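The structure appears right after this line, and notes come after that.
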Amino acid sequence: MPEAKEPNPEFTRKVVEAGGKTVNLCFQCGTCTGSCPSGRQTAFRVRKLVRRAQLGFEEDVLPSDDLWLCTTCFTCYERCPRGVEIVDVIMALRNMAVRKGYMAEPHRKVAELISKTGHLVTLRDEDKALRTKLGLEGTPPTVFSDPKALEEVKKIAALCGFDKLVQTGGK
Amino acid sequence: MAKYGFFLGCIMPLRYPGIESSSREVFDALGVEIVDMKGASCCPAPGVMRSFDQTYWMSVAARNLAIAEKMGVDIVTICNGCFDTLFEVAHKLNHDPEMRKKVNKILKDATGMEYNGTVNVRHFVELLYRDVGVEAIRAKAKGGKNLKAAVHYGCHFLKPSNIKKIDDAERPHVFDDIVEAAGMTSVAYKDKGMCCGAGGGVRARTPDVALKMTRENLVNMKNAGAEVIVDCCPFCHLQYDAGQVALKGEFAIPVLHLMQILGLAFGLPKEKLGLEVHQTKVNI
């Protein structure tokens, strides 16, 4: 028989502090797993993820690819009979994972785009042309047309350490 | 009716500007006064950006809320993602004084503004249902076509329902009622209410997994005889529109945002709807 792992309440406490404050209410019924659209297509099991977070099994949770298969659809959150705010727990775990360097390259690129431009989607010449054709301003009246506004968004990134996170991917 | 700051977000103005031109026309036709929120940014996206750093997510959202507050307007959005971020962050800042203090410190240092909690964040479907009314929409929708519509609510319009309190998250009707007021028939389909697959950073990180969820929805819509998919979120819209191309011809169901459906029903010329950028051909 494999040796039982020791729970690590210190990690669980950190999950609670990072926003997963209801994680300890889970009694492992599995309503979440049964409701999960992502789990229908993959081996991702929400119930197991929550259990590992409760037991403080940091090394099973933070590097795990499964942590990133949740679409944040809130179906489990809605149906949980114990009121576990599961999406909040997953967000807390993801924030912790990213700070440990577990940030996938496509995600780092998305984060880089917002930190540089203030938007998650680029403004191409063809977009400007179509906007103009539709009677809209070619450049949307957002940070795209206001350098001072963009500076403000960049300052927020600097104050949160988000710019560094984007450069290094948390490593 | 109050005046609303029209929050544009990213995908609508940059990839589907026809949704924006339709929205402006439809709001105008229904007497909803909108103004641009100059200098607003990405909301930021509630799945992917919140996953990285919640303090950053809330602070950028608070800046967008503060812009509306300074203008003295509430916010209306035509995107579930923008709605979720702005609504949830406004809710958190209103109910967690410590968090509000922390976020306002960052906001003030970066912009000179603070957010004082006075802005209501509205999703356009909810605004149309509650403030404009289904009958007022029906009265304008003379050009509506009676097609079988697969209505896709998406996730973040109604959920989390404990704070949004718009409709029953499991058996909603508000969106279907508007689609039917526009002359269409909303068909029942298996697992209606399931996620399109794109959210939470899944589309960016594991597009194959996202597409499997999209395909399951498309199979269910097709089996119900759907002639059009109607969404209320540009991200779901992108996932169904581009997703059908990625699935290489297995499906060919046109994807329209509710604002485009209303635009058509209100008699807006087709060239105002920007349908030429839709990747799945719109032949309705």
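Coordinate-derived values only; no laboratory data. None of these values were measured; they are calculated from a predicted model. A quick note on method: Cβ atoms are made from the backbone with ideal geometry, for glycine too, and the neighbour counts reach across all protein chains shown.
Checking the table A:48/B:222; B:148/B:248; A:116/B:102 against a 26 Å threshold on Cα-Cα, which pairs fail?
A:48/B:222
Give the angle, between 0 and 90 degrees and rounded to the nearest 10, that separates the Cα long axis of helix B:207-223 from the longest principal axis of the Cα atoms of chain B.
It is inclined by approximately 50 degrees.
Can you tell me the Rg and the Dmax, both Å, for the Cα atoms in the stretch B:4-123?
14.0, 43
Using a 10 angstrom cutoff on alpha carbons, build the Gaussian network for chain B and name the most mobile of B:128, B:65, B:256.
B:128
Just to confirm my numbers, what's the Cα centroid distance between the stretch A:125-171 and the stretch B:223-259 in Å?
Spelled out, the Cα-based centre of one part sits 28 Å from the other.
If you average the alpha carbon positions of the stretch B:151-203 and of the stretch B:82-99, how far apart do those two centres end up, in angstrom?
Computed from Cα coordinates, the inter-centre distance equals 22 Å.
Relative contact order, percent, of chain B when contacts are C-alpha pairs under 8 Å separated by at least 6 residues?
Computed over chain B, the figure is 21 percent.
Within a 10 angstrom radius of each residue's Cβ in A:60-69, how many Cβ atoms of other chains show up on average? Whole number is fine. Don't skip to the answer; put the middle values down first.
On the way: counts 0, 0, 0, 0, 0, 2, 0, 1, 9, 7.
Per residue, the average neighbour count from other chains is 2.
Using a 10 Å cut-off on Cβ to Cβ distances, tally the other chain neighbours for every residue of A:92-100 and report the average as a whole number.
Partner-chain Cβ atoms within 10 Å, mean over residues of A:92-100: 3.
Å³ per residue of the Cα convex hull, for the protein assembly as shown?
137 Å³
Mind checking the mean number of beta-carbon atoms from other chains within 10 Å of the Cβ atoms in A:147-153?
5
Please state the relative contact order of the stretch A:9-99 as a whole percent: Cα pairs under 8 Å, 6+ residues apart?
On the way: 124 pairs, mean separation 38.8, N = 91.
Averaging sequence separation for qualifying contacts and normalising by length gives 43 percent for the stretch A:9-99.
Please find the FRET efficiency linking residue B:114 to residue B:139, where r is the Cβ-Cβ separation and R0 is fixed at 30 Å, and quote it to the nearest 0.05.
Result of the calculation: an efficiency of 0.10.
Just to confirm the filter: which chymotrypsin sites (Phe, Trp or Tyr not before Pro) across the stretch A:14-76 are DSSP coil and have at most 13 other Cβ within 10 angstrom of their Cβ?
A:27
May I ask you to order B:44-53, A:115-124 by the average number of other C-beta atoms within 10 Å around their residues, highest value first? Write out the running numbers ahead of the final one.
Numbers: B:44-53: 27.0, A:115-124: 19.2.
Order by mean packing, descending: B:44-53, A:115-124.
Send over the per residue convex hull volume for the stretch A:105-168, Cα only, as a whole number of Å³.
In the stretch A:105-168, the Cα hull volume divided by residue count equals 78 Å³.
At 10 °C and 1.306 mPa s, grab the translational diffusion coefficient of chain B from Stokes-Einstein with a Kirkwood Rh over Cα pairs, rounded to a whole number in µm² per second.
Values: Rh = 19.1 Å.
Answer from the Stokes-Einstein relation: 83 µm²/s.
Suppose each label sits 7 Å from its Cα in the direction of the beta carbon; what would the residue B:247-residue B:277 distance come out to in nanometres?
Placing both labels 7 Å along Cα→Cβ, they lie 2.3 nm apart.
Treating cross-link reach as a plain straight distance, find the lysines whose alpha-carbon is under 16 Å from the alpha-carbon of residue B:70, omitting any fewer than eight places away in the same chain.
List returned: B:3, B:38, B:108.
Compute the distance from the alpha-carbon center of the stretch A:81-122 to that of the stretch B:1-73, in whole Å.
21 Å
For chain A, compute Rg over Rh where Rg is the Cα radius of gyration and Rh is the Kirkwood radius from the inverse mean 1/r over Cα pairs.
Working: Rg = 20.0 Å, Rh = 18.4 Å.
We get a ratio of 1.09 for chain A.
Cα atoms only: what Rg and Dmax, in Å, come out for the stretch B:201-284?
13.0, 40
Based on the Kirkwood radius over alpha-carbon pairs, what is the Stokes-Einstein translational diffusion coefficient of the stretch A:9-99 at 25 °C with 0.890 mPa s viscosity, in µm²/s?
194 µm²/s
Could you pull out the pairs from A:148/B:92; A:155/B:165; B:142/B:212 whose alpha carbons sit more than 32 Å apart here?
Numbers: A:148/B:92 27 Å; A:155/B:165 35 Å; B:142/B:212 38 Å.
Over 32 Å Cα-Cα: A:155/B:165; B:142/B:212.
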